[in-house]
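Some notes on the structure that comes next.
The values are calculated or read from the model by the stated rules, or taken from the named source; none is laboratory data. As the structure is a computational prediction, the values presented were derived from the model and not from experiment. For neighbour counting, all protein chains shown are included, and Cβ atoms are generated from backbone atoms with ideal geometry for every residue, glycine included.
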């Protein structure tokens with residue numbers, strides 16, 4: 001089996017990589033029959049020389065590799081026909097901007113394995129950058145709070161080196177007794193929690209968060225049954241919500257009345273109801289002044305996420321009364337951080353974590369006959385056709 005690590009070609013540039021030099025060396029050691037080539041890149045966080053120093057071939061041409069690993073979408077004109085590709089295609093939710101990409105993948109007879117579709121037998125995702133999105137997103141949310149209220153100014157995450165340095169910067173700041181509500185208990189939510197815990201901010205129960213006044217900063221981490229309720233008033237359960245999302249409505253207003261910062265780290269499905277509405281933000285008793293939408297679903301469950309922001313310009317203001325963007329220092333503005341590629345700000349940490357997960361969960365499948373069905377479940381296209389699991393994308397391709 002010959003693997004190739006491709007150069008990232010999407011703009012803005014992404015410095016992450018599926019495998020660090022050390023992980024490639026470990027792959028070759030554990031599977032001597034495997035060959036690995038690395039496509040030369042001038043933007044990758046690990047320079048070509050670091051791969052060469054470990055005896056790994058770096059080349060301008062990976063067209064002789066059977067399987068190609070990347071992070072972000074591959075531009076259509078860079079796709080090599082008749083290969084197996086692994087990358088985040090951003091097509092499985094029928095994203096309009098990537099329809100041409102999926103169409104080209106089918107036309108070029110490419111087998112696509114989307115990183116998002118790599119799941120276990122219970123359909124739980126096995127790999128991703130979610131933890132690092134949570135870590136950077138929480139840092140950015142706290143940075144936004146300091147800037148909005150002119151309490152402190154800390155550097156952008158991209159200028160720092162790893163989670164520990166982010167926490168060190170935050171711990172030096174003096175915070176008022178604010179309340180932070182965090183949604184989600186997946187990789188994103190737990191990544192954000194690492195930052196809040198690292199800052200030594202006290203965690204409290206949702207009940208105490210809603211009812212008590214504190215003399216110190218606190219946060220609460222809530223799940224779907226805390227911020228959604230059934231329309232018919234019956235008991236809400238996670239299983240029922242995921243099975244019947246349209247039968248639920250937001251119960252988040254009780255949190256918007258007492259929270260200063262909202263960190264959104266939840267998973268959002270296409271049929272999910274709104275969480276934080278414009279009406280809540282526009283209410284006289286709304287307290288939320290900073291929204292760190294780490295999940296970043298534009299025009300999704302968070303009304304103020306009217307666009308994705310960028311690493312270069314991460315913050316914007318949202319004026320609920322007029323439903324429009326304004327400067328974030330506008331006195332009536334809610335500050336929104338909705339960067340959609342947060343892990344890019346910690347490319348080294350994110351790449352190391354991703355590679356470890358990929359080595360553990362995916363690479364063995366190439367050498368054990370895919371005995372656990374990892375590759376079979378992840379395959380979106382095969383021999384110019386959508387696989388049965390992803391046949392629902394056919395109308396998207398044809399539209």
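Values as computed for the structure displayed
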| read-out | value |
| --- | --- |
| Residue 360 vs. criteria assigned by TED's automatic domain parsing to the domain that holds residue 32 and either in contact with a strand residue (DSSP E or B) (Cβ under 6 Å, 6 or more places away or on another chain) or on the phi > 0 side of the Ramachandran plot (or both) | no |
| Residue check for residue 134: out of contact with any strand residue (DSSP E or B) (no Cβ under 8 Å at 6 or more places or on another chain) and not assigned by TED's automatic domain parsing to the domain that holds residue 393 | yes |
| Output for segment 23-45, where each listed residue is under 25 Å from the mean Cα position of the chain (by Cα) and touching a residue at least 40 places away in the same chain (Cβ under 8 Å) | 23, 45 |
| So residue 58, is it in contact with a strand residue (DSSP E or B) (Cβ under 7 Å, 6 or more places away or on another chain) and either in a loop (DSSP other than H, G, I, E, B) or under 22 Å from residue 349 (Cβ atoms) (or both) | no |
| Residue within segment 338-349 that is in the same structural domain as residue 288 (by TED's automatic domain parsing) and more than 30 Å from residue 27 (Cβ to Cβ) present | yes |
| Single residue of 322, 279, 274 found to be within 23 Å of residue 190 (Cα to Cα) and surrounded by fewer than 18 Cβ atoms within 10 Å (Cβ to Cβ) | 274 |
| Residue 381 vs. criteria assigned by TED's automatic domain parsing to the domain that holds residue 231, within 29 Å of residue 103 (Cβ to Cβ) and modelled with pLDDT of 95 or more | no |
| Qualifying positions in segment 135-159 - touching a residue at least 24 places away in the same chain (Cβ under 8 Å), in contact with a helix residue (DSSP H, G or I) (Cβ under 8 Å, 6 or more places away or on another chain) and surrounded by fewer than 21 Cβ atoms within 10 Å (Cβ to Cβ) | 151, 156, 158 |
| Residues (in a loop (DSSP other than H, G, I, E, B), buried (at least 18 other Cβ atoms within 10 Å of the Cβ) and in contact (Cβ under 8 Å) with a residue 12 or more places away in the chain) located in segment 362-394 | 362, 380 |
| Failed item, numbered, when residue 187 is tested on (1) at pLDDT 95 or above; (2) surrounded by fewer than 22 Cβ atoms within 10 Å (Cβ to Cβ) | (1) |
| Some residue of segment 61-75 being surrounded by fewer than 22 Cβ atoms within 10 Å (Cβ to Cβ) and outside any loop (DSSP other than H, G, I, E, B) | yes |
| Residue satisfying all of: in segment 194-206; in contact with a helix residue (DSSP H, G or I) (Cβ under 8 Å, 6 or more places away or on another chain) and under 19 Å from residue 258 (Cβ atoms); surrounded by the fewest Cβ atoms within 10 Å (Cβ to Cβ) among these | 203 |
| In segment 178-207, the residues that are touching a strand residue (DSSP E or B) at 6+ places or on another chain (Cβ under 8 Å), over 24 Å from residue 126 (Cβ atoms) and not in a strand (DSSP E or B) | 178, 196, 197, 201, 204, 205, 206 |
| Leading residue by the ranking (farthest from the chain's Cα centre (by Cα)) among those in segment 327-361 that are closer than 15 Å to residue 88 by Cα and crowded, with 23+ Cβ neighbours inside 10 Å | 355 |
| Test result for residue 162, at pLDDT 95 or above, closer than 30 Å to residue 348 by Cα and surrounded by fewer than 21 Cβ atoms within 10 Å (Cβ to Cβ) | no |
| Selection status of residue 18, over 28 Å from residue 130 (Cβ atoms), in contact with a helix residue (DSSP H, G or I) (Cβ under 7 Å, 6 or more places away or on another chain) and not in a helix (DSSP H, G or I) | no |
